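These notes concern the structure reproduced below.
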Amino acid sequence: MKCIWAEVEVTRKCNLRCKSCLFSCNDAALDELTTTEIMGLIDEFARMNYEWLKLTGGEALLRKDIFQIIDYAKDKGLKVRLNSNCELIDRKVARKLNVDLVQASVDGLEETNDWLRGEGTFKRTMDAIGFLVDNDIAVHSNTVVTQHNRDELLGLCDMLSSKGVCDLGFSRMIGTGRGSEVYDELHLSTLELIGVKLKLMVYAKMKRYMVSFCGGVAYFINGCGASYFNPFVTSTGDVTPCCTIREKVVIGNVRESSYRDIFRKYEGKRFSAPIGVFGNCNVCVDKI
């Protein structure tokens with residue numbers, strides 16, 4: 001099995017308190033990976049011929065050494081994608097970011113987004129997207145599809161495309177972390193997700209937009225991403241087949257074994273369950 005992505009959570013610390021957060025991110029975890037440890041991981045990723053490094057959080061830009069980590073990965077030949085809430089991206093930061101792609105979270109038009117993510121976040125995100133595009137950094141948006149924003153997604157596509165976003169991404173609501181508190185109110189049924197997907201695909205074809213669905217169409221509608229994604233490394237070094245089950249299924253820790261050895265343990269295993277049929281994403285039905 002050849003992986004393209006390596007995904008590392010560089011911190012649990014976050015400056016927002018989004019209602020749909022998978023992890024209830026607040027403060028940094030105790031004993032998070034050091035700069036040297038993350039660089040060691042990057043060395044392994046390069047030796048394993050990974051193409052992309054995805055840096056996420058929390059909010060990755062809250063790490064004081066994040067620019068050093070990014071530059072090191074680029075020096076090792078990796079393309080770098082940064083997942084960000086965009087709160088800290090101003091003109092200066094955008095000029096300094098040595099990344100190939102930024103994923104910006106936008107969960108609806110202004111009123112809806114700000115209800116979910118916090119007052120003023122929509123405007124600040126739109127400003128950040130502008131700064132990134134001005135510095136020739138590709139921007140991919142991600143929108144968690146909910147009952148609150150499902151009727152404004154086409155308008156959101158138009159707005160984001162006009163700002164220069166190159167790929168309009170959509171993901172389904174998952175009820176872990178703080179998301180568990182609003183899951184019943186916000187999530188769409190399988191049939192509703194199919195309708196949203198079809199509407200977006202038809203509109204994108206008509207408008208010549210690029211749209212994508214987190215984990216692919218099947219996962220977006222009704223599936224488990226653990227058997228499709230690369231292992232996820234938490235900020236304390238745990239390796240899990242899926243970030244949403246990080247507390248329940250850990251297959252190793254990079255402080256105790258090499259990432260390559262842990263990956264070989266994971267390789268070929270399947271942790272798949274039809275989530276949309278059996279309910280919320282909170283347990284794995286297959287044992288390691």
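The values are calculated or read from the model by the stated rules, or taken from the named source; none is laboratory data. Keep in mind the model is a prediction, meaning the values are calculated, not measured. Neighbour counts run over all protein chains shown; Cβ positions are idealised from the backbone, glycine included. Protein only, heavy atoms only, side chains kept; ligands, DNA and RNA dropped before computing areas. Shrake-Rupley method; radii C 1.70, N 1.55, O 1.52, S 1.80 Å.
How much of the accessible area of region 4-58, probe 1.4 Å, is carbon plus sulfur, in whole percent? Walk me through the intermediate numbers first.
Values: 1190 of 2350 Å².
For region 4-58, the apolar C and S fraction of the accessible surface comes to 51 percent.
What's the FRET efficiency of N253 with K123 using the Cβ-Cβ distance as r and R₀ = 41 Å, to the nearest 0.05? Kindly include the intermediate steps, with their values, before the conclusion.
On the way: r = 40 Å, r/R0 = 0.98.
The formula returns an efficiency of 0.55 here.
Please report, in debye to the nearest 20, how large the charge dipole of the chain is about its Cα centre when each Lys and Arg carries +1 at its beta carbon and each Asp and Glu carries -1 there. Could you put the intermediate results ahead of the total?
Numbers: 38 positive and 38 negative charges, 140 e Å.
Here the chain has a charge dipole of around 680 debye.
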Could you do me a favour and compute the accessible area per residue for region 122-203, 1.4 Å probe, result in Å²?
-> 41
Most to least packed among 186-194, 199-207, 100-108 [average Cβ atoms within 10 Å] | 100-108, 186-194, 199-207
HN-Hα J couplings of region 102-116 from phi, Karplus 6.51/-1.76/1.60, θ = phi - 60°, integer Hz, Gly and Pro as x?
-> 10, 8, 9, 8, 9, 10, x, 5, 3, 5, 5, 4, 5, 5, 7
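Between E181 and A29, take the C-beta separation as r, use R0 = 25 Å, and let me know the FRET efficiency to the nearest 0.05. Before the final figure, lay out each step's value.
Numbers: r = 21 Å, r/R0 = 0.84.
Calculated transfer efficiency: 0.75.
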